[in-house]
Structures are given as C-alpha cells and as structure tokens.
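*Asks:* Before I ask anything, here is the structure I am working with.
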Amino acid sequence: MLPAVTVLLDLPGIQQLLDVTPRAVVTDAIRAVVEDARGVAHGVPANDAEWTAAIIEAVTVRQQPSLRRLFNATGVVLHTNLGRAPLAAAALQAIQDVASGFCNLEYDIANGVRGSRHSHCSALIAELTGAEDAMVVNNCAAALVLALNSCADGREAIISRGELVEIGGSFRVPDIMAKSGAALIEVGTTNRTHADDYRRALSPRTGAIVTVHRSNFTLEGFVAAVPPRDLAAIAAEGGVPLIHDFGSGLLLDLAPWGLSGEPTASDAIRAGASLVLMSGDKLLGGPQAGIVVGRAEWIGAMRRNPLARAFRVDKLTLAALEATLALYRDPARAVVEIPALAMLTAPVEAIAARAEHLAASLRATGIAASTRAVDATVGGGAFPTARIPSAAVAIEVTDVDTAATRLRGARVPVIGRIADGVLLLDLRGVPSELDAELGALVAGALS
C-alpha cells in the first residue's frame, strides 16, 4: 500500500525541504511521485530514504526554470534554437543598470517632459551605418511588416520570385508581407530576375520595391539577380522606396577572418536603399531586435504608424542594444568583446589547444575522448556556405544517443552533435573561460 501524502510530508527530509520550498510545490511533487508509483510492479520506493530522494528530485524538476542556460557545442555559432548571440559584458551591465531601478525610457531629462523610446539608439545606429535615421522594433519580421505597412498599405509591393524565401520556424516572407496590407507582385523566375522585370511591374499602384537578401541559402548556376544599387535606381524612377531586408545585422567586414560575401549595413545604405532592415541578435551580436535604418522621411512614417506601438521594444532590449552598438565605435574592441564576433574570429590553433586540454582531462576520468579537426558554421542565416575551421572533443562510446541524452540532462545541458557515430563537442561556440565547467559537466554525465 502506498503511503499517504500527509505521511510523506512528515518525513524528516521533507520537513527540511519545506523550510526552503513552498508547501504547495512540495505537496504537488509528492502527489506526482505517489501517482507514478501507483500500479508499478517494481521500482516503487522501498523505504523513507528512497521516498525522500524521489520527492526531492520531483521538486527540483518543478522548480527548474523553463528558460535555461546551456552549452552550445554544436559548431553552429549563432544557433537560432539555442538563443543566437550571447551578450557582451557591457550589454549585461547595461541591462542590470536599467532594470534595477527607473530610467528615462520615455522621459526627456533635459526638458522635463514626456519623451519617446524611439530616441534611444537611433543616433548611434545612424552614426555607425551612415543612414539619415534609424528605428528599433522587436524583430526583423516586425520591421518588414511595419515598413511595408507604412510605405505600401493598400498598394503593391514588387519582389523577385527568387526572394520569396522561408525563414526559420516555417515562416515565409510572402506570408509576412501579406500581413502588412500590401499586395504582393512577383516578378522574374525562381532563378533569374532582370531589371526590366521590375520596370514592367511599376505602375501608379506600386507602393514599394522589396529585395530580400538570401542569407540562409545560395543559388548557383544559371542565375541572375538585380543588385540593390540598380534596384534603388529603378525605385527612384517609379517614385517609390526600396526596402532592403538584408537580415544579418553585419556592421563590420569580416573578410580578414575568411568570412566574405555578406553585405554590411553601410553597404546597403550606400547602395541607395530607402530602408534597410536587419536583426540585432545575429552578426551584430546584440539582443533580439529589428533595426531599421534609412531615409528620415520613411523612418518618420514608421514611427507615426500605430503598429509601431505593437512592435516596440522594452527598456532592457534598448539598454543591451545601445551598449553593444557602442562597442562598434572601436572595431578592434568589438571583435574582442562581442561574444559572437570573438567566437567567429578566434584562431583555430587556440581552439585546438583548448580541445586537447579538455580531452586529456576527460580521459583522466575514464572517458574515451580525443580531438578532431572539424568545420563550424556561422548560423543565424548568415554566410550560409562558409565553413570555419574548428576543433572538437570526440566522445567515443558504444551508444552515442544515450550519451547525448545524458549530456542534455546535465545540471547545465550540453548540446553537441553526432557525426560518423561519434559525439562531437565543438568548442568554437564555447567561451574559453567555461572550459573547466564544461569538462566537469561532461565527466559528471558520462563517467
């Protein structure tokens, strides 16, 4: 016969647990443990100690936050499923400073009157990109909807068929655009679109031309596309804005580190786009945000749009974004202090040395570990064909799936990847100062 809830509540270990845990949480955990044991022929706790341990474990699971820190050892640096870009120390400090008290989110300190949250970050973004003005919303998809609604609500938006892409989470650009109130006009073909295709589509009903940078895949072979500079001229002929969704948020040229072919925000502005849309949490290395830069008249229209309130960002995002952007005033400092950039540009020799040290420490605990030269990727829909030399710790076990499950179940989950029957822990996405903690977690899960 299974013990009653009241009996289990009186166990000494549970009484101690009640000193630091809400009674309702403990009671719910006890009921769940008893229910799990009901009807089980074996595995039922045999004594008070086993009941206490099962209840404590159930309480621990209940109190575990849903959103948790983990180790990204996948080799995909800006992994969308794993939260994309980690924040710089300056951004974390800015969040703490703003969150710990009140701030001038919508208050004009100089004049003592109501201000606008849109005033924050705008001047700094314009300074860094060469744009006339800038605006921040909650993500890049919101930026696209707001831009189109402000420029082409009830009118037509022209876009190449080759740019009607699907982004993460099965969201599709044409579906997002349709929600803006603009009528989609597709031109060209999947693989080839020419300048005359856009010109023929221009009409008095046209509200905007849209170009979307294919950031997470490439088209090769018999292909043709109209570059943004030429599109800007065509848009000017038609008297409509060019909206350039270039996505990645790249502010620095990463060609010196072998990453080339991705436009920067400044490139897009110089090409003549009226509005340039990008993400804050990809290559920019900041918090999730949609950043719009471009001509003051169109940014002003977006600020006045009632939808701007629905897409606005909070004080924590603005604080983190401003602190991240400020680092870009010194590019050499940005590459070192913005984690995403530091990970992408770290010398492979340094990563290989870390992998050797970590593998040796794991072998000392009895785990079969070695090192492998591997290729990492950028992730976040940027530099889709780029392969970055990296190094991984290879865990050789009989059942790699079970090993991967155990690592995910660690106190701080460790997410690696399986290749050729081996569990790989790629260190390019792991800050070097966390190597010791990573080693302890792996040893604890697999020893």
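The values are calculated or read from the model by the stated rules, or taken from the named source; none is laboratory data. Computed from a predicted model, the values in this text were never measured in an experiment. Here the Cβ is made from the backbone with ideal geometry for all residues, glycine too, and neighbour counts use every protein chain on show.
*Asks:* Is it the case that residue 62 is under 30 Å from residue 419 (Cβ atoms) and of a type outside the set (Ser, Thr, Tyr)?
*Replies:* The answer is no for residue 62.
*Asks:* Part of a loop (DSSP other than H, G, I, E, B), of a type in the set (D, E, K, R) and closer than 24 Å to residue 337 by Cα: is that true of residue 253 in this structure?
*Replies:* Taking the combined requirement at face value, the residue satisfies it.
*Asks:* Every residue in the stretch 56-80 that is touching a Ser or Thr at 6+ places or on another chain (Cβ under 8 Å) and not in a strand (DSSP E or B), please.
*Replies:* 59, 63, 75
*Asks:* For the stretch 220-243, how many residues are touching a residue at least 60 places away in the same chain (Cβ under 8 Å) and assigned to a loop (DSSP other than H, G, I, E, B)?
*Replies:* The number of residues fulfilling the criteria is 5.
*Asks:* Which condition from (1) without any contact (Cβ under 8 Å) to a residue 24 or more places away in the chain; (2) surrounded by 15 or more Cβ atoms within 10 Å (Cβ to Cβ) is the one that residue 417 breaks?
*Replies:* (1)
*Asks:* What number of residues within the stretch 326-377 are closer than 23 Å to residue 419 by Cα and of a type in the set (Phe, Trp, Tyr)?
*Replies:* Adding up the residues that qualify gives 0.
*Asks:* Next up: Before we move on, is residue 83 surrounded by fewer than 14 Cβ atoms within 10 Å (Cβ to Cβ), at positive phi and not polar (S, T, N, Q)?
*Replies:* no
*Asks:* Scan the stretch 93-100 and tell me whether some residue there is assigned to a loop (DSSP other than H, G, I, E, B), more than 18 Å from the chain's Cα centre (by Cα) and free of Cβ contacts under 8 Å to residues at least 60 places away in the same chain.
*Replies:* Yes.
*Asks:* While we're looking at this one, here's another question. Can you tell me which residue is nearest to the chain's Cα centre (by Cα) among those in the stretch 1-38 that are in contact (Cβ under 8 Å) with a residue 24 or more places away in the chain and part of a loop (DSSP other than H, G, I, E, B)?
*Replies:* 21
*Asks:* Next question, about the same structure. Of all residues in the stretch 198-234, how many are within 32 Å of the chain's Cα centre (by Cα), of a type in the set (A, V, I, L, M, F, W, C) and under 19 Å from residue 276 (Cα atoms)?
*Replies:* So the answer is 8.
*Asks:* Give the residue, chosen from 233, 201, 289, that is crowded, with 24+ Cβ neighbours inside 10 Å and not acidic (Asp, Glu).
*Replies:* 289
*Asks:* Tally up the residues in the stretch 375-410 that are surrounded by 13 or more Cβ atoms within 10 Å (Cβ to Cβ), assigned to a loop (DSSP other than H, G, I, E, B) and over 22 Å from the mean Cα position of the chain (by Cα), please.
*Replies:* Residues meeting the conditions: 3.
*Asks:* Suppose the filter is buried (at least 21 other Cβ atoms within 10 Å of the Cβ) and among the hydroxyl-bearing types (Ser, Thr, Tyr); does residue 274 pass it?
*Replies:* yes
*Asks:* Can you tell me which residue in the stretch 47-66 is surrounded by the most Cβ atoms within 10 Å (Cβ to Cβ), limited to those that are of a type outside the set (A, V, I, L, M) and farther than 15 Å from residue 32 by Cβ?
*Replies:* Among residues in the stretch 47-66 that are of a type outside the set (A, V, I, L, M) and farther than 15 Å from residue 32 by Cβ, the one surrounded by the most Cβ atoms within 10 Å (Cβ to Cβ) is 48.
*Asks:* OK, next. Going by the conditions given, is residue 214 within 30 Å of residue 323 (Cα to Cα), at pLDDT below 95 and surrounded by fewer than 19 Cβ atoms within 10 Å (Cβ to Cβ)?
*Replies:* Here the answer is yes, as residue 214 does meet what is asked.
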